[in-house]
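One structure is given below, encoded as structure tokens.
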């Protein structure tokens, strides 16, 4: 009798193991430790694409929710910024616009610069702003910065339509002459998105431990704008200063955009390749740091 009772636990253990082996193939999600520092698990992003689109919708709606003007702010902001630049830098400081209508010159720079600045600023704090959400449920963390880049792309599209309306008006008057370089716009946006995503992910990983970087972020982005030909043309700079400014990866992008859409500025495949290379390197470096911090950031955030 005792021997029979002794075998009962063994039988139960065997049954539990066999059931576990049978159920192992039924799991829809298997969470494993990350092995490669360069692996962002983009295949998981595809499985969570509904969540990605939900984040994009959330960021887009949250921008104008409980505001009086609503989505009109997408048009008001670049127009007000452009008018301020015309007043301060054109009328008061007397900076040249390279013979272009001032509103077109500044609106072109503001439209492209806003996309980079918004992506960079928001992805740089993605860990701290979403800490509560990250601590409750699992999903690929890279979805959060990707959603920011995509939602800002929608905003860029709205502001780009505004820019094209002004461009069509001045083009009909013969004051600007767009050229085939304007077809490079998707490439410019891709490089800018990659660069902003890379820098943003790098800063988001660092700000989990060094919160001081948050205070330096807005100041640093503002300084970067003055080192980018947003409010001035490169042609008006001395050759020595222009040589230094071109090492800014954003400078060739802004100049190419002005050259393509407004027919004034400079364009070089070499400098465009340089910007793309820096953007890819920044993205790869940020991927390594992002993956290292992702494992333990909930302990420090």
Could you list, in sequence order, the residues of segment 96-109 that are surrounded by fewer than 17 Cβ atoms within 10 Å (Cβ to Cβ) and at negative phi? 96
Name the single residue that is farthest from residue 145 (Cα to Cα) among those in segment 179-211 being assigned to a helix (DSSP H, G or I) and over 19 Å from the mean Cα position of the chain (by Cα). 180
Subset of segment 212-262, residues surrounded by fewer than 17 Cβ atoms within 10 Å (Cβ to Cβ) and part of a loop (DSSP other than H, G, I, E, B), comes to 227, 237, 238, 247, 248
Mind checking which residues of segment 177-211 are surrounded by fewer than 16 Cβ atoms within 10 Å (Cβ to Cβ) and closer than 29 Å to residue 263 by Cα? 177, 178, 179, 180, 183, 185, 186, 187, 190
Residues (out of contact with any helix residue (DSSP H, G or I) (no Cβ under 7 Å at 6 or more places or on another chain), assigned to a helix (DSSP H, G or I) and either modelled with pLDDT of 80 or more or loosely packed, with under 14 Cβ neighbours inside 10 Å (or both)) located in segment 51-82: 53, 54, 57, 58, 61, 62, 72, 76, 77, 79, 80
Of (1) at pLDDT 90 or above; (2) touching a helix residue (DSSP H, G or I) at 6+ places or on another chain (Cβ under 9 Å); (3) surrounded by fewer than 20 Cβ atoms within 10 Å (Cβ to Cβ), residue 131 satisfies every one except (1)
Per the list (1) touching a helix residue (DSSP H, G or I) at 6+ places or on another chain (Cβ under 9 Å); (2) within 21 Å of residue 79 (Cα to Cα); (3) crowded, with 16+ Cβ neighbours inside 10 Å, residue check on residue 154 breaks on (3)
Would you call residue 85 buried (at least 18 other Cβ atoms within 10 Å of the Cβ), at pLDDT 85 or above and out of contact with any helix residue (DSSP H, G or I) (no Cβ under 7 Å at 6 or more places or on another chain)? no
Determine if segment 33-43 includes at least one residue that is surrounded by 13 or more Cβ atoms within 10 Å (Cβ to Cβ), in a helix (DSSP H, G or I) and at pLDDT 60 or above. no
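Quick check: is even one residue across segment 112-131 part of a loop (DSSP other than H, G, I, E, B), under 25 Å from residue 197 (Cβ atoms), in contact (Cβ under 8 Å) with a residue 24 or more places away in the chain and under 17 Å from the mean Cα position of the chain (by Cα)? So that I can check it myself, show each step before the final result.
First, pick out the residues of segment 112-131 that are part of a loop (DSSP other than H, G, I, E, B): 124-125, 130.
Add one more test, that the residue is under 25 Å from residue 197 (Cβ atoms), and what stays is 124-125, 130.
After this cut, where a residue has to be in contact (Cβ under 8 Å) with a residue 24 or more places away in the chain as well, the list is 124-125.
Filter once more, keeping what is under 17 Å from the mean Cα position of the chain (by Cα): 124-125.
Looking through segment 112-131, at least one residue is part of a loop (DSSP other than H, G, I, E, B), under 25 Å from residue 197 (Cβ atoms), in contact (Cβ under 8 Å) with a residue 24 or more places away in the chain and under 17 Å from the mean Cα position of the chain (by Cα).
The values are calculated or read from the model by the stated rules, or taken from the named source; none is laboratory data. Remember, it's a predicted structure, so these values are computed and weren't measured experimentally. Note: ideal-geometry Cβ built from the backbone for every residue, glycine included; neighbour counts use all protein chains shown.
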